[in-house]
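Accompanying notes for the structure given below.
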Amino acid sequence: MTITEENYLKTIYKLAEAEPGQDVSTNRIAAALATRAASVTDMLRRLAEKELLAYEKYRGVRLTPEGQRLALLTIRKHRLWEVFLVQQLGFNWDEVHEVAEELEHVQSPLLMQRLDAFLNFPTLDPHGDPIPAEDGAMRRPAHRLLADLPVGGRGTLAAVRDTSAPFLQYLDKVGLPLGAQVQVLSRVPFDNSLELCINADATVLISAEVGRNLFLATE
Ligand SMILES: [Zn+2]
């Protein structure tokens with residue numbers, strides 16, 4: 001497997017996860033990887049020849065069980081490295097994604113087994129995303145979008161949908177780390193922005209867009 005092939009499988013897996021049950025179109029893959037549809041088509045043919053995905057010209061693609069297994073393996077490596085960077089090397093959560101994009105392609109099952117054990121078998125990455133097990137099993141916890149909570153609703157900030165550095169830096173700035181206790185105090189009818197109470201202490205106003213990118217664990 002080349003790095004490009006691994007990135008294709010991972011991207012297709014994530015696009016399929018975002019819209020379950022649907023084939024992933026060439027155009028969506030091209031947009032996600034910022035490359036031309038023609039080069040995507042070439043690579044999809046190659047991966048289909050290796051039986052890692054099923055490709056129909058006008059319908060899109062679907063990963064085979066083996067393609068899915070390899071995609072989850074790359075995702076597992078990525079997320080374990082992110083935990084390592086934050087917990088052991090003192091990286092902030094907005095600094096780890098780009099580095100992990102490179103580390104995820106290191107080919108050493110033994111290294112990953114030892115890293116996993118060294119970190120004491122974590123199940124979540126620093127953004128609250130689940131880490132697939134070695135056999136590809138992955139349990140996504142049942143979370144609710146903050147934007148969907150009624151006024152008075154509360155929960156613990158458990159994961160972020162947007163993992164881009166600017167968004168994570170914004171959360172740092174307003175004091176919304178994972179683990180924060182959040183309660184919706186009011187909703188502004190004009191634009192659906194939300195007034196929140198954080199840790200029964202500070203009050204902060206967030207936009208509806210921010211609310212659509214935060215997941216809460218609720219009772
Ligand atoms: Zn990442």
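The stretch between Val151 and Thr41, if pulled fully straight at 0.36 nm per residue, gains 34.9 nm over its current Cα-Cα span.
A crude spin-label estimate for the pair Arg69 and Leu205, with each label 7 Å from Cα along the Cβ direction, gives 5.4 nm.
What net charge is computed for the residues neighbouring Tyr58, neighbours being all others with C-beta under 15 Å from the C-beta of Tyr58, Lys and Arg scored +1, Asp and Glu -1? That works out to +3.
Geometric descriptor of the stretch 126-219, per residue, is 97 Å³ (volume of the convex hull of the Cα atoms).
Summing Lys, Arg as +1 and Asp, Glu as -1, what charge do residues with Cβ under 11 Å from the Cβ of Asp23 carry, Asp23 excluded? Before the final figure, lay out each step's value.
Numbers: positive: Arg28, Arg59, Arg62; negative: Glu19, Glu56.
Once all neighbours under 11 Å are counted, the net charge is +1.
Looking at the stretch 120-199, the trypsin sites (Lys or Arg not before Pro) that sit in a DSSP loop and have at most 13 other Cβ atoms within 10 Å of their own Cβ are Arg139. With the Kirkwood sum run over all distinct C-alpha pairs, the chain has a hydrodynamic radius of 19.0 Å. For the stretch 1-90, taking the reciprocal of the average inverse distance between every pair of different Cα atoms yields a Kirkwood hydrodynamic radius of 13.6 Å. Using Cβ point charges alone (K and R +1, D and E -1), the dipole size of the chain about the Cα centre works out to roughly 480 debye. May I ask you to give the percent of accessible area on the stretch 82-219 that is carbon plus sulfur, with a probe radius of 1.4 Å? Carbon plus sulfur share of accessible area: 53 percent. Note that the stretch 105-110 has calculated 3J(HN,Hα) couplings of 9, 5, 9, 7, x, 5 Hz, one per residue in order, obtained from phi through the Karplus relation 6.51 cos²θ - 1.76 cosθ + 1.60 (θ = phi - 60°); glycine and proline are x.
A DSSP coil position with no more than 11 other Cβ atoms inside 10 Å describes the following trypsin sites (Lys or Arg not before Pro) in the stretch 29-71: Arg36, Lys57. Taking amide H positions as modeled 1.01 Å from N, with prolines and chain starts lacking one, the residues under 5 Å from Ala180 and 5 or more places away or on another chain are Leu157.
Averaging Cα coordinates gives a centre for the stretch 23-64 and one for the stretch 129-152; these two points are 27 Å apart.
Measuring nothing but protein heavy atoms, the accessible surface of the stretch 3-63 at 1.4 Å probe radius is 50 percent carbon and sulfur. Ala137 sits among other residues whose Cβ lies under 15 Å from its own Cβ, and their net charge, with Lys and Arg +1 and Asp and Glu -1, is 0. List the residues, sorted by chain then number, that are 5 or more residues from Leu124 or on another chain and whose placed amide H is less than 5 Å from its amide H. Under 5 Å from the amide H of Leu124: Ile131. A simple rule links phi to the HN-Hα coupling: the Karplus curve 6.51 cos²θ - 1.76 cosθ + 1.60 with θ = phi - 60°, which for the stretch 121-137 gives 6, x, 10, 10, 8, x, 9, x, 7, x, 9, x, 6, 4, 8, x, 5 Hz, with x for Gly and Pro.
The values are calculated or read from the model by the stated rules, or taken from the named source; none is laboratory data. The structure displayed is predicted, hence computed values, not measured ones. Positions of Cβ are backbone-derived with ideal geometry, glycine not excepted, and every protein chain shown enters the neighbour counts. Surface areas here come from the heavy atoms of the whole protein model, side chains and all, with no ligands, DNA or RNA. Shrake-Rupley method; radii C 1.70, N 1.55, O 1.52, S 1.80 Å.
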